[in-house]
1. Taking the conditions exactly as written (open to solvent by 40 Å² or more (accessible area, probe 1.4 Å) and at pLDDT 90 or above), does ARG9 satisfy them or not?
2. Which residues, counting only those in the stretch 49-69, are in contact with a strand residue (DSSP E or B) (Cβ under 8 Å, 6 or more places away or on another chain), more than 17 Å from ALA21 (Cα to Cα) and among the acidic types (Asp, Glu)?
3. Are any residues in the stretch 60-69 at negative phi and either of a type in the set (Lys, Arg) or assigned to a loop (DSSP other than H, G, I, E, B) (or both), and if so, which ones?
4. Consider PHE30 against the criteria (1) open to solvent by less than 50 Å² (accessible area, probe 1.4 Å); (2) touching a residue at least 40 places away in the same chain (Cβ under 8 Å): it satisfies all of them except one. Which criterion is unmet?
5. Quick check on my filter: what residues within the stretch 41-76 are of a type in the set (Val, Ile, Thr) and open to solvent by less than 50 Å² (accessible area, probe 1.4 Å)?
6. For the stretch 34-65, which positions are in contact with a Phe, Trp or Tyr (Cβ under 6 Å, 6 or more places away or on another chain) and not hydroxyl-bearing (Ser, Thr, Tyr)?
Amino acid sequence: MSDPLINLRIFWEEKQPLPEAKAGTVSSVFGRDLLVAGGTNWNGNTKSWLDHVDLYDFESNQWRTGPQLPEPSAYGCFAVT
């Protein structure tokens with residue numbers, strides 16, 4: 001017996017990569033954009049905490065810079081907008 005609620009199909013499609021590699025970001029859908037804020041990355045042996053906000057426009061497949069965070073931030077659980 002098959003449950004129609006479990007019969008999901010997910011299709012992955014490669015898009016424009018983030019302008020800068022990062023992990024531990026706070027991400028959310030914001031209006032019609034994907035918002036990726038803060039996070040961390042490594043430069044050699046130095047870990048950097050980031051205050052950048054990147055916005056991805058699904059329609060144009062382009063990233064743009066959002067407003068800078070008041071201070072570097074990473075490892076947030078989630079964001080509600």
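The values are calculated or read from the model by the stated rules, or taken from the named source; none is laboratory data. These numbers were taken from a predicted model, which means no experiment stands behind them. Glycine also receives a Cβ, built like all others from the backbone with ideal geometry; neighbour counts cover every protein chain displayed. In case anyone asks, the SASA skips ligands and DNA or RNA and just uses the protein heavy atoms, side chains included. Shrake-Rupley method; radii C 1.70, N 1.55, O 1.52, S 1.80 Å.
1. no
2. Across the stretch 49-69, the qualifying residue is only ASP57.
3. Residues satisfying the conditions are SER60, ARG64, GLY66, PRO67, GLN68, LEU69.
4. Every listed condition holds for PHE30 apart from (1).
5. VAL53, the sole residue that qualifies.
6. Scanning the stretch 34-65 gives LEU34, ASP54, TRP63.
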